[in-house]
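The values are calculated or read from the model by the stated rules, or taken from the named source; none is laboratory data. Source: prediction; values computed, not measured. Heads up, the Cβs are rebuilt from the backbone with ideal geometry, glycines too, and the neighbour counts pull from every protein chain shown.
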Amino acid sequence: MATSILRVLIIDDEESDALITRSLLETIPGAKVDTEWVSTFHDGLSRLQEHRHDVCLMDYMMGAETGVDLLRKARSLAVRTPVILLTGKGSREVDLEAMRSGAVDYLVKGEMEPEVLERAVRYAVERHRTQEELRRSEERNRGMFDHLPLGLFRVGPGGEYLEANPALIRTLDFPDRHTLREVLAKNFFVSPRDRERFLQTLEDQGLVNGFETRVQSGSGRVIRLRITARVHRGPGGKPEYVEGSVEDLTGLRSTGEVEEEAACFRVLSEVTRCGVAVADPDGHLRSVNPALASFVGEEPTALEGRGIWTLFHPADQDQLARAFEEVAAGGRDRAVRAVRLVSREGHEEEREAVLAALTGRGGSLQGLLLSLDALPVGVPDG
């Protein structure tokens, strides 16, 4: 390890397991390991808030609560110490839950060899140092706050105005910061009717991401905004201020409209007899409708992540790959090819394959849509 002393916090309600973990840590080469063990949720949270450790090894099961519960609470209190979750039994669900909650790694106790633990700890510590340096760099360069085109703000925990950049004032049509302070800052730049819901989400998660609201601008027009904000906490987890960004969505489709459109697409893809699939820009399948999955002989979810080329006869894969690359590169919006779809049992069926680009805001490529219609062979290239 790069440091002479590695400070490790072990949170585990089983002393015997904690002792085994400690003995494994002592085998890490090139480092003197200073371990501290606590056995309860409350003590673990208290130690994490002291910010004294380089890494934390946390047990998944902790009586009535879990390590994930503790991790989420710690993250909501701005604890940035890297956490490796430990469990007695491996599970994909637990793995995903740990990663989504902010754990940097997930290890199974019975499979935890010294080399595996050393690698996980080293990666966690090095990654944390890199992230902290980036954070400090961001703080040193906060002068960008006044020059970014995105609206930015800082508000006290009770709604006291602290700061707003020029882009925010332009977005909201307010002539000066004084007017901005008296009208919107006290509601954290959301509608008064959305204030409590916004603050409750902020309290529960420590972060509000993509919160949509409608407010009245300084010129009197109603504008639709997307707010992303987080709570900055000081020593002991006490809230010091809320900082966030504001995007003007006026004229763009709302989240509800987008979700409604997506729901319609899902229904259409499920009832149509044509095979339909969506792939990411690299050609990996994200979703497959029942008609296509049925012919291939797989469950739709079993096909997710596979390369789109694997659905077709080997002799057709090159031409489909070229068509895919043309559409993905923006050379054309769609391409049509005659191909042979191959089932798991080796059955072939001639289809007309239509590839079309799926673009997002600003024309960025989000993925490709594949439609397979049961038409005769000999369809010309589109």
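For this structure, a couple of remarks:
- Test result for GLY251, part of a loop (DSSP other than H, G, I, E, B), modelled with pLDDT under 80 and surrounded by fewer than 11 Cβ atoms within 10 Å (Cβ to Cβ): yes
The rows are residues; the columns are (1) surrounded by fewer than 16 Cβ atoms within 10 Å (Cβ to Cβ); (2) in contact (Cβ under 8 Å) with a residue 60 or more places away in the chain.
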position	(1), (2)
THR21	no, yes
PHE41	no, no
GLY63	yes, no
LYS73	no, no
LEU77	no, yes
ASP95	no, no
TYR106	no, no
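- The residues of the range 214-237 that are modelled with pLDDT under 90 and in contact with a helix residue (DSSP H, G or I) (Cβ under 7 Å, 6 or more places away or on another chain) amount to a single one, GLY218.
- Cβ pairs under 6 Å, 6+ apart, first in the range 199-216 and within 20 Å of GLU247 (Cα to Cα) and without any contact (Cβ under 8 Å) to a residue 12 or more places away in the chain, second hydrophobic (A, V, I, L, M, F, W, C) and in a strand (DSSP E or B): THR201/VAL208; GLN216/VAL222
- For the range 160-191, a residue qualifies if it is exposed (fewer than 15 other Cβ atoms within 10 Å of the Cβ) and at pLDDT 90 or above, and exactly one does: GLU160.
- Helices (runs of 4 or more DSSP H) (entirely within the range 1-118) containing at least 2 residues that are in the same structural domain as VAL208 (by TED's automatic domain parsing) and modelled with pLDDT of 90 or more: none
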